[in-house]
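Okay, so here's the structure we're looking at.
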Amino acid sequence: MSWAPPRRVLIAWAALLALLGTTIFLAYQPLGNFNLAIALCIAMAKTLIIMAVFMELRERSGLMIAFAAAGFFWLSILVWLSGTDFVTRPQFPPHL
Amino acid sequence: MNPRQELNYLNCEHTLRSWFLTTDHKRVAILFAATITMFFFIGGGAATLIRLELATPQGDLVSSDVYNRLFSMHGIVMVWFFLIPSIPTTLGNFMVPLMIGARDLAFPRLNLTSWYLFLLGGAVTLYALFIGGVDTGWTFYTPFSTMYSNGHVILAAVGVFIAGFSSILTGLNFIVTIHRLRAPGLTWYRLPIFIWSLYATSIILVLATPVLAMTLLLISLERFFGIGIFDPNLGGDPLLFQHLFWFYSHPAVYIMILPGMGMVSELVTCFSRKNLFGYKFVAWCSIAIAGIGFLVWGHHMFVTGQSVFAALVFSFMSFIVAVPSAIKVFNWTATLHKGWVSYDAPMLYALGFIGLFTIGGLTGLFLAALAFDVFVTDTYFVVAHFHYIMVGGMVTAYFGGLHYWWPKITGRMYPDYWARAAAILIFFGFNMTFFPQFVLGILGMPRRYHTYDPALQVWNVLSSAGASVLAVAYLLPLLYLGWSLFCGRRAGPNPWNATGLEWQTSSPPPKHNFPQTPRVQRGPYVYTPEAVAVAQNA
Amino acid sequence: MWREWIPFWRPGVSSYAGDIDLLFAGLLAISSLVVLLLLVLLVTFAVRYRRGSNADRDHRIKKTWYWEISWTTVTLIGFLCLFVWGAVLYLEVYGPASNALPIYIVAKQWMWKAQHPGGQREINELHAPVHRAVRLIMASQDVIHSFFVPAFRVKHDVVPGRYQTLWFKAEKTGVFALLCAEFCGTDHSRMTGRIVVMEPAQYESWLSREDVGGTLASEGAKLFRELGCSGCHMGQSTVRAPPLEGLYGKPVPLQDGSTVIADEGYIRDSILLPKSQIAAGYEPVMPSFAGRVGEDELIRLVAYIKSLADEGRPQR
Amino acid sequence: MHEAHPAFQYATLPQQHDAAQLGMWTFLATEVLFFGGLIVGYFVYRFGYPADFAAAGRHTKIAIGAINTGFLLTSSFLVAWAVTAAKLDLGRVAAWLLVLATLLGAIFLVLKGYEYLQEFHERLVPGRNFQFDAAHARGALLFFMFYFAVTGLHALHVAIGLIVLLAIAARARQGAYSLQYHAPITVAGLYWHFVDVVWVFLFALIYLPGRSGE
């Protein structure tokens, strides 16, 4: 059965579906602001699994991993620095 | 062997098809060069009309609507269709594989695609500009652009959007090429600084341009459907647009200037016959500028009602990003120390660059200082500042590079006398045009003004007079470089006795650059005493 | 004054203009020094070590490390000083003003409209007393404009959809240019006006000379009745709607548990978006007035509600 | 099985593969920031209008969203499987797996379209017929503008992915890929997985807010 899926790919798939279930379940628990944090953490976990296994990043060089991380890192710069404005602005949203 | 018989990338094929479907990076570079030269003169034409209009304070040459379209056209064309692609897509495209000893870029077909996208984007934008134009300025600020402008905003934005993908593809190609196609022995610290700076540029192209693309898409949607996420009437925030726009457009300034800095590093070393002072520092400064350059965009928004805290952060980062630029200037100066300085035309451009860039950079500090920015932002002080960086810096470096590599690209030498005359004329014409604009800014003349206080006329007339000198000076190279194509003396493989790999192949280079892949054993600027002596006697 | 001797320099006339001019002088001095130093070095090196000269080229600097570290450090420290200088001044210019005279500004394509608390209205002109802090509450009816007075060394964008405040204190009487500094369309360059700074006595007499229908607050009160606001917010009917007396400047507890300070911006938004911030204990029954009242009328309503703050809590 | 040669600018096939991978990852970094522009807008307004976003989030169709997420994850799994099969010279298996993955992607698009239709009937389309509980209308409008823009763009990416996968499947069926030469199928796979990653985040941002209560 050489055409069967490799074990790690199968496991990753199962883990992804399990995480999907978990995130939906946790979204219905009243946890306040933690709901968003948890949802994002699970999304990140899923991303890591997809990248490491499906996208075979774990077999790649550090350079490739750095490239994969670069986009997310720069996005975090964008979020963080625009955030400094909106979080500390007395007039956002337009009232307040 | 008769040099006329020697096959090179120019004479190996002659059909139109061989040009328009070429994947040779050198030919693609020529295609780009022709295109951006056209855009340079379109943008320059608009600038000429602007300066002509501003010679009198009443606004009597064109109507204010036409004037607004002129400066928008000048900005859009110059920024996206000349400055950003200029060095990377022409000199970079031509030289990157040559300088790293490769046969081509990593993705030659992508490279050609990039040109076609650029052409398409340019055509769409030009169409928008000529069927009625855009009156938003190159910044497309909402809500003016989305709800009040009566220009062809969507078309222009779509054009820029398409051209943005051309930039992304070029940057991507360079990154992969520099990582994967270096000749054997060519380690990172043996790379010419020009390559380092193009690598840094590519990082910005790849990571900033998509945000611009998304922003332009959003304002196009907002304008098309009449609803959108920046509309203050619907709870949106126009400042979010400015954040997204400047997240691209501030790093874009570094897209423009970094290749210029790399260019000057090549020129200063070659014409001083000396290794670059502080090579590693200069190399890493390029990367540092590319990185920190992403953290400063809010300094365009100090007076917009952004939070005071954010303004402080952005001001601080802006001062930090100026440090690596300052380091570079010091290193270029120190490179001359105990060198063998010659005054060929490219070197004159390089020296001009150092002077003009220094003034542009220092006035950048004025604008980074928060309280002073409150006074002079949105005035001619800003206009003068960024023209010192972009025209005084970037365009001067581009001309320097063009003159430096012209013999390599065409195999011909240009008339030396004329080239030096043009370099000097550009320097003086430039200062005459833009220095008075600093004064105008201090006197409180806002930018994008069609009419102005008659008391300011004398400075505007000075500036306009300088602009006419500058216009002539920019036309000169077109003439003598064009002449040299047919009548210029033939240049050998290495007319400057420079050290780079690109000089080790014939001029113009053969189709696949090198007869055999070169092996590299030393750094980029190792001028041996013998090499110096040859140059000394030449 | 020495500054007046320089041909391209007009000294600033606001309370903070002197400091900003000093900052400019400082920046200019430092930059000139740097440019001079570089110029001298470049010219010296380029001439002395030109090709063909016999200058000594032995003993080149080999260790570049020390040089790099030293000029990086010096530059960094210099820049940080400039940052602090600029930032401290910025906090003063954009900070709060004490005991300031409020004046309302509405920007629209392509004019500046000013409204004084006493009801005086002007277009493209702004009369202000000398030596007295003036606080501008600015709104835009359409696109982004920017209130720029070069002589005061100050500007601030006026972004639609909210109030923006800016203060200045003129130290000299005279007429100064008011400009729009953010591109706003066809007649952007004609969206200019005059700031007339007068002696306090003259200012008072100017105020009384102006033909006014009533104070801003009294016009607001009229609007308040015409629009039917008084039906819920006044007298005995304040069961359904919160009373507005003594509201301005006080914290308001909201339904979601948070509190906000009732400043001009809050009042404005409560009129336009009544359902976004409901005061604790009230039903969200107020209709929105967005689209029914313009920025001019809003200013009057806000002025009126502000004036109720001083009345304390009368007949309840 | 024909012998594969590197393109002229490369010295070896591994070098060419490596360049292709690096190029794709660079492109994906670009894509992250492309979607990032919208995501920033989302976070800014979610910070500004938390209650409105919660209310709007409750109006999304979480059942369809969850099923769609499952389909995309599975389709991604099939593509990863296909890549390993292609490397084992099992071209026909790889082709069938890719076709299956394409099918799941197509179902995703169909369900997405059905979801849009429902939202249209519920008057949730900004600019067309938007109507929402007045207390939360302001933020909800921004939410749904974000929603349609970002899912629309994502759907476009899915559609492009479907075409790419089918083209690759055709080539795989002809046995074009092997352990030595498999750059196109791996690179196409990277793209498809990335589309999946984007959706994973969109699912968390669109369907989950406000589920835990009023």
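The values are calculated or read from the model by the stated rules, or taken from the named source; none is laboratory data. On a predicted model such as this, the values are computed, not experimentally measured, just so you know. Positions of Cβ are generated from backbone atoms using ideal geometry, with glycine treated the same way; all protein chains shown enter the neighbour counts.
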Which residue is surrounded by the fewest Cβ atoms within 10 Å (Cβ to Cβ), if the candidates are limited to region D:76-96 and must be part of a helix (DSSP H, G or I) and among the charged types (D, E, K, R)? D:R92
With respect to B:T499, is the statement that it is in a loop (DSSP other than H, G, I, E, B) and hydroxyl-bearing (S, T, Y) true? yes
Could you please let me know if D:A137 is within 30 Å of D:A54 (Cβ to Cβ) and in a helix (DSSP H, G or I)? yes
Given the conditions (1) more than 7 Å from chain D (Cβ to nearest Cβ); (2) assigned to a loop (DSSP other than H, G, I, E, B); (3) farther than 29 Å from D:P50 by Cβ, and given that A:A14 satisfies all but one, which numbered condition is not satisfied? (2)
Can you tell me which residue in region B:337-371 is farthest from C:T75 (Cα to Cα), limited to those that are of a type outside the set (K, R) and assigned to a loop (DSSP other than H, G, I, E, B)? B:D344
Step by step: first the residues of region B:445-459, then only those that are in contact with a helix residue (DSSP H, G or I) (Cβ under 7 Å, 6 or more places away or on another chain) and outside any loop (DSSP other than H, G, I, E, B), then the one that is surrounded by the fewest Cβ atoms within 10 Å (Cβ to Cβ). Which residue is that? B:L456
Among (1) surrounded by 20 or more Cβ atoms within 10 Å (Cβ to Cβ); (2) at pLDDT 80 or above; (3) within 14 Å of chain A (Cβ to nearest Cβ), where does C:V252 come up short? (1)
Give B:V374, B:V323, B:V313 a once-over and let me know the one that is in a helix (DSSP H, G or I), hydrophobic (A, V, I, L, M, F, W, C), more than 27 Å from B:T433 (Cα to Cα) and facing chain C (nearest Cβ under 7 Å). B:V323
List the strands (runs of 3 or more DSSP E) inside region C:82-155, counting only whole elements, that have at least 3 residues being touching a residue at least 60 places away in the same chain (Cβ under 8 Å) and crowded, with 17+ Cβ neighbours inside 10 Å. C:101-108, C:111-115, C:125-129, C:133-140
As an exercise: evaluate B:Q437 against (1) more than 14 Å from every other protein chain (Cβ to nearest Cβ); (2) in a helix (DSSP H, G or I); (3) crowded, with 19+ Cβ neighbours inside 10 Å; (4) touching a Phe, Trp or Tyr at 6+ places or on another chain (Cβ under 6 Å) and give the number of the one condition it does not meet. (1)
From the list B:S342, B:S325, which residue is hydroxyl-bearing (S, T, Y) and under 22 Å from the mean Cα position of the chain (by Cα)? B:S325
Among the helices (runs of 4 or more DSSP H) lying completely within region C:167-268, list those that include at least 3 residues that are in the same structural domain as C:G291 (by TED's automatic domain parsing) and in contact with a strand residue (DSSP E or B) (Cβ under 8 Å, 6 or more places away or on another chain). none
Leading residue by the ranking (nearest to the other protein chains (Cβ to nearest Cβ)) among those in region B:99-119 that are assigned to a helix (DSSP H, G or I) and of a type in the set (A, V, I, L, M, F, W, C): B:L110
Looking only at residues in region C:6-59 that are within 15 Å of B:L365 (Cα to Cα) and at the interface with chain B (Cβ under 7 Å from one of its Cβ atoms), which one is surrounded by the fewest Cβ atoms within 10 Å (Cβ to Cβ)? C:V35
Is there a residue being under 20 Å from B:G393 (Cα atoms), assigned to a helix (DSSP H, G or I) and more than 16 Å from the chain's Cα centre (by Cα) anywhere in region B:187-194? yes
Only one of (1) of a type in the set (G, A, S); (2) more than 10 Å from chain C (Cβ to nearest Cβ); (3) surrounded by fewer than 24 Cβ atoms within 10 Å (Cβ to Cβ) is not met by B:A290, so which one is it? (3)
List pairs: first in region B:442-455 and more than 7 Å from every other protein chain (Cβ to nearest Cβ) and touching a residue at least 12 places away in the same chain (Cβ under 8 Å), second among the charged types (D, E, K, R) and crowded, with 22+ Cβ neighbours inside 10 Å, Cβ under 7 Å, 6+ apart or cross-chain? B:R447/B:D378
What residue, among those in region C:77-113 that are small (G, A, S) and out of contact with any Leu (no Cβ under 8 Å at 6 or more places or on another chain), is farthest from B:D65 (Cα to Cα)? C:G78
Any chance B:L425 is in a helix (DSSP H, G or I), closer than 21 Å to B:V469 by Cβ and within 14 Å of chain C (Cβ to nearest Cβ): no
Inside region C:162-184, can you point out the residues that are crowded, with 23+ Cβ neighbours inside 10 Å and of a type in the set (G, A, S)? C:A170, C:A181
Within region C:287-298, count every residue that is farther than 13 Å from C:F224 by Cβ and crowded, with 19+ Cβ neighbours inside 10 Å. 1
Against the condition buried (at least 24 other Cβ atoms within 10 Å of the Cβ) and more than 24 Å from D:W25 (Cα to Cα), how does B:L218 come out, does it pass? yes
Working only within region C:188-203, note down all residues that are within 14 Å of chain B (Cβ to nearest Cβ) and out of contact with any Asp or Glu (no Cβ under 9 Å at 6 or more places or on another chain). C:S189, C:R190, C:M191
Filter region D:100-142 down to the residues that are crowded, with 17+ Cβ neighbours inside 10 Å and of a type in the set (D, E), then identify the one that is nearest to D:Y49 (Cα to Cα). D:E119
Restricting the search to region B:377-413, which residues are within 14 Å of chain C (Cβ to nearest Cβ) and surrounded by fewer than 23 Cβ atoms within 10 Å (Cβ to Cβ)? B:V382, B:V383
Some residue of region D:16-33 being out of contact with any helix residue (DSSP H, G or I) (no Cβ under 7 Å at 6 or more places or on another chain), crowded, with 17+ Cβ neighbours inside 10 Å, charged (D, E, K, R) and in a helix (DSSP H, G or I): no
Per the filter on region A:1-28, residues of a type in the set (S, T, N, Q) and modelled with pLDDT of 90 or more are A:T22, A:T23
Go through the residues of region A:34-54 one by one and say whether even a single one is part of a loop (DSSP other than H, G, I, E, B), on the phi < 0 side of the Ramachandran plot, free of Cβ contacts under 8 Å to residues at least 60 places away in the same chain and outside the structural domain of A:S76 (by TED's automatic domain parsing). no
